[in-house]
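Participant: This structure is in structure tokens; I'll ask about it shortly.
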Amino acid sequence: MSRPPNSPTDAAARPLSTLDPGPAVGASDGAEGLALIKPAVRAQSAYTLSAPAARRKLNQNESPWDVPPTLKREVLAAAERAAWHRYPDFAPPELLAALAEHYGWTAEGVLVGNGSNELIQATLATTLETGDVVVAPAPTFSLYRLLTGVLGGRYRPVPLGPDFAYDVDALIEAAARERARVVVLNSPNNPTGSALPEGAVERLLEETGALVVCDEAYQEFGGPTALPLLRGSSRVVVLRTFSKALGMAGLRFGLALAHPAVARELAKGKLPYNVNVVTLAAAAAALRHRDELAERVRRVVEQRARLTARLAALPALAVYPSAANFVLIRCLRHPAREVFRRLLDEYGILVRDVSASSELAQCLRISVGTAEDVDAVADALERITAEER
Ligand SMILES: Cc1ncc(COP(=O)(O)O)c(C=O)c1O
């Protein structure tokens, strides 16, 4: 008996293509395909990270603790009950209501995303026309520059001041001069840890016409929040994530909070069904367990103080004040690259080498971990930097 040609059995048995793929990519230099990629995209550096395995992982500002087992079990039970063959809700109303209550805003102004990175992208995609300017401090989270370039915007970095403090006057001046469409402020700022001074976002709103995007990925660890400003201005967008303080980087959940009219437009820039059923359940569970998770934030803040104090006592290092769950140091006597390598090879401690850019020459970023992590990295740096050069 013959089967119709598209029957599943046939499809499984037959290779998709009978073309011999040849010696993989070696036959072509990719030039024809590359010619179709936008030059502005090719000019950007990709967001990549090489992260060798290490005993102590202090390179991505994650929580040092996995989520509590009871929370995990609740999420797994909810995932088991969910229908996996159905698309998830765009945004379950109960979750939006819980998020609105948690952040003190209205559910109509909450947008959920597959990590807050997706909402940075949606915000820029729905606001930037080709050639529009985005102003942001420098150094800051590299994704803002990358996405601005990919979307055809012009990125205008404004240097942070001495000790990486925010230079609010310079940001306002640049945004006004360049007629910036968007100003992106990450506070506390990755990778420096600097927090915006009180009143800075208010000034940017008053003195510029830009959309002010406040990426508060690390706000739970310190510094002011722009959330109260949502009531007074439709030019503020606040981004939050469950990847840091709530310890769920692996599940990818973030949100944007904005005026409902703006949130409705930002939603057009994200993909439908962007948050899967397991992550939706995990976000709801994290809010139910918020007190337990907040206790962990307090512990990280304590350990940040210990780490800062121990490293500040080492004459071969400069330590910058941090309001986040990481600390930036500058190596004054040894090449940062070498210190990074020795921490990894000799002590099994992986930190982030951010020293490639000129503003961060000789700098390393260390995520705050457990008390044992803090002791281990401080002991190791004490030994490494005590050696004569
Ligand atoms: C400033 C900043 N914003 C956003 C993110 C990413 O957050 P998410 O995991 O929610 O995409 C990071 C991650 O390191 C970050 O440093």
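The values are calculated or read from the model by the stated rules, or taken from the named source; none is laboratory data. All of these numbers come straight from a predicted model, not from anything done at the bench. When we count neighbours, we look across all protein chains shown, and the Cβ atoms used for this are built from the backbone with ideal geometry, even at glycine. The area values use the complete protein model at the heavy-atom level, side chains included, leaving out ligands, DNA and RNA. Shrake-Rupley method; radii C 1.70, N 1.55, O 1.52, S 1.80 Å.
Participant: Kirkwood-based Rg over Rh for the stretch 192-300 (C-alpha set), two decimals? The partial results should precede the final answer.
Facilitator: Values: Rg = 15.2 Å, Rh = 15.4 Å.
Rg/Rh: 0.99.
Participant: Taking just the alpha-carbon atoms of the stretch 285-380, what radius of gyration and Dmax come out, in angstrom?
Facilitator: 14.5, 48
Participant: Further question on the same structure: Report, to the nearest whole %, how much of the accessible area of the stretch 107-242 belongs to carbon and sulfur atoms, 1.4 Å probe, protein only. Intermediate results must be reported in sequence, preceding the final value.
Facilitator: Working: 2270 of 4750 Å².
Summing carbon and sulfur atoms, their accessible area is 48 percent of the total for the stretch 107-242.
Participant: Return the distance in nm (one decimal) between the two label points of a simple spin-label model at Ile37 and Arg81, each offset 7 Å from Cα along Cα→Cβ.
Facilitator: Each label point lies 7 Å from its Cα, and together they span 4.6 nm.
Participant: Okay, next question. With every protein chain kept in place and ligands, DNA and RNA left out, what is the accessible area per residue of the stretch 195-351? Probe 1.4 Å, answer in Å². Don't jump to the answer; show the numbers that get you there.
Facilitator: Details: 6190 Å² over 157 residues.
That works out to 39 Å² for each residue.
Participant: Taking the simple approach of a point 7 Å from Cα along Cα-to-Cβ for both Glu302 and Arg288, what is their distance in nm?
Facilitator: 2.8
Participant: Restrict the search to the stretch 304-344; then list the trypsin sites (Lys or Arg not before Pro) that DSSP places in a loop and that have at most 15 other Cβ atoms within 10 Å of their Cβ.
Facilitator: Numbers: sites: Arg304, Arg306, Arg310, Arg330, Arg333, Arg337, Arg341, Arg342; in loops: Arg333.
Answer by residue number: Arg333.
Participant: Note down the accessible area of Ser187, probe 1.4 Å, to the nearest 10 Å².
Facilitator: Approximately 10 Å² for this residue.
Participant: Separate question: Using the alpha carbons of the stretch 84-201, what is the convex hull volume per residue in cubic angstrom, as a whole number? List each step's numbers first, then the result.
Facilitator: Details: hull volume 16.8 nm³, N = 118.
Normalising the Cα hull of the stretch 84-201 by residue number yields 143 Å³.
Participant: A further question follows. How high is the relative contact order of the chain, in percent, counting Cα pairs under 8 Å that sit 6 or more residues apart? Intermediate results must be reported in sequence, preceding the final value.
Facilitator: On the way: 676 pairs, mean separation 78.7, N = 389.
Rounded, it is 20 percent for the chain.
Participant: With equal scatterers on the alpha carbons only and no solvent term, can you work out the Debye log10 of I(q)/I(0) for the stretch 135-207 at 0.13, 0.15, 0.17 1/Å?
Facilitator: -0.34, -0.45, -0.58
Participant: Give the total of Lys-Lys pairs in the chain with Cα-Cα distances below 28 Å; include a pair only if its members are 8 or more places apart or on different chains.
Facilitator: Details: Lys38/Lys268; Lys38/Lys270; Lys57/Lys72; Lys57/Lys244; Lys72/Lys244; Lys72/Lys270; Lys244/Lys268; Lys244/Lys270.
For the chain, the number of qualifying lysine pairs is 8.
Participant: Taking the solvent-accessible surface of protein heavy atoms with a 1.4 Å probe, what is the per residue accessible area of the stretch 34-76 in Å²?
Facilitator: Working: 3040 Å² over 43 residues.
It amounts to 71 Å² per residue over the stretch 34-76.
Participant: Here is a follow-up. If we sort 289-302, 55-68 on the protection proxy, mean other Cβ atoms within 10 Å, highest first, what's the order?
Facilitator: Working: 289-302: 14.6, 55-68: 18.5.
Top to bottom by mean Cβ count within 10 Å: 55-68, 289-302.
Participant: Turning to a different aspect of this structure: Using only the Cα atoms of the chain, what do you get for the radius of gyration and for Dmax, in Å?
Facilitator: Reported Rg and Dmax, both Å: 23.3, 84.
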